[in-house]
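Please read the structure below before turning to the comments.
The values are calculated or read from the model by the stated rules, or taken from the named source; none is laboratory data. Source: prediction; values computed, not measured. Methodologically, a virtual Cβ is constructed for each residue, glycine included, from the backbone with ideal geometry; neighbour enumeration extends over all protein chains shown.
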Amino acid sequence: MKHLANVTMSIRVLTLLALFSISSHAADLSREQISEYGFIDWLNQKVYATGVGIAPQVKENPTQAKSLAYRAAVVVAQRNLLEVIKGVHIDSETLVGKRIVTDDKIISKIQGIIRFSSIESSQVLEDNAVSVTLSMPLGGRMGEVLVPVIEGTGTPPALPPSRDLADRLLHLESRVTALENQLSRLNEVSVEQKSVIHLLTYLLEAWQHDTDRKARILQAGFASDEETASLRRQMNEQEKQMAAMAIHLNDLARRLADLEKGPGSEKTSPKPKTQTTTHPYTGLIVDARDTGFKPSLRPELFHQGELIYPGSYLNLPDAVRNGYVRYYDNRFHAQQSERAGALPYATKATGTYGGDRGLSIDEETSRMLKAVLQDPDNFLVQCRVVIIF
């Protein structure tokens, strides 16, 4: 009995040591400790757990004893990993565990996926004990289970089939060829686009002058009420057209600058499909530092109590594959993120909302995002949202 008590005490000590080793960055906000089971790495969208196993004392073969201890440690780590996943926040109010506590089918699915978790490290400890640390991404297979739980749907969204290597190579070759053709005509294109941009700039300046003149006429009262109303409608329509033209002009200038960099310049993202758009942005970056914000699987963005993101417009396969948002702990990495794209809209959260896992945004950002949602294939639909915390 005394020996059994010593072994039990050793297990407790070793478990505490293992947990201390995997949570050495406890002060780091990117790692959220889930009780004694493990932690969530929000930057890498992974969960971690450690298990400790001890070989039965009756085994005389050291190799066999170590193997049994290793298997026991993996089983304990898998069990702890399930508890960590249950402790993941969906939003400010709900844990994954609260959604699946009575659903044995979903728990069985998660347990089945956990069997494919990665072994991060293993270590032989004293008293024939072995420590094993496992990790599991929250996207991919796990996302196929968790996203329907989050959205309250019974069936996971279907992921598009991935192309095989030959198709990908052909696609890449066509893109490279198109770029080479563009660069071969760089001088001609440069002269033409500069002339067009110069002409459009002059047109916008003249238009703005005309609009200002009409505003002075209205203020001076040199028109009847009917003429005034008509002029106001014309001015409002012109302002919309000018804004759209200014965005197009900026896009032309940016594309021209990219072409003039030549083949030795930094690689740029492939151009999006041509479409009518009211905005030039490729993603959203929200700086939530100094707000007390804590990450979750499905963080919500509000303006004056109105939910702006996420919404029913989401492409759920993108949420499965990449998550609802991508987290970073500094502005530089966020701005360089492929998730945010070449031209992200950056804003600062005005505070938290509905708890410490939701965020408030300002009026200007809210207006921009509502304009973005007018496009059917916008960056919010594709979950191209980044949060710095």
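When the residues of segment 358-389 are narrowed to those that are of a type in the set (Lys, Arg) and more than 15 Å from the chain's Cα centre (by Cα), which ends up surrounded by the fewest Cβ atoms within 10 Å (Cβ to Cβ)? For segment 358-389, the residue satisfying everything is Arg367. In the list Arg357, Arg384, Arg339, which residue meets the criterion of being within 12 Å of Leu301 (Cβ to Cβ) and touching a Lys or Arg at 6+ places or on another chain (Cβ under 7 Å)? Going through Arg357, Arg384, Arg339 in turn, the sole match is Arg357. Residues in segment 102-116 that are without any contact (Cβ under 8 Å) to a residue 40 or more places away in the chain and either assigned to a helix (DSSP H, G or I) or surrounded by 14 or more Cβ atoms within 10 Å (Cβ to Cβ) (or both): Asp104, Lys105, Ile107, Ser108, Lys109, Ile110, Gln111, Gly112, Ile113, Ile114. At least 2 residues being of a type in the set (A, V, I, L, M, F, W, C) is the threshold, and among the strands (runs of 3 or more DSSP E) wholly inside segment 287-357 those reaching it are 300-303, 306-309. The combined condition, being in contact with a Gly (Cβ under 6 Å, 6 or more places away or on another chain), assigned by TED's automatic domain parsing to the domain that holds Gly140, among the basic types (Lys, Arg) and over 24 Å from Leu125 (Cα atoms), is not fulfilled by Lys98. Scoring Leu316 on the criteria (1) surrounded by fewer than 16 Cβ atoms within 10 Å (Cβ to Cβ); (2) under 29 Å from Arg141 (Cβ atoms); (3) under 14 Å from the mean Cα position of the chain (by Cα) leaves a single failure, condition (1).
Could you say whether any residue in segment 63-77 is surrounded by fewer than 18 Cβ atoms within 10 Å (Cβ to Cβ) and within 30 Å of Asp356 (Cβ to Cβ)? Looking for residues that are surrounded by fewer than 18 Cβ atoms within 10 Å (Cβ to Cβ) and within 30 Å of Asp356 (Cβ to Cβ), one finds none in segment 63-77, hence no.
Look at Thr350 and say whether it is among the β-branched types (Val, Ile, Thr), more than 13 Å from the chain's Cα centre (by Cα) and either surrounded by 14 or more Cβ atoms within 10 Å (Cβ to Cβ) or at pLDDT 90 or above (or both). Yes.
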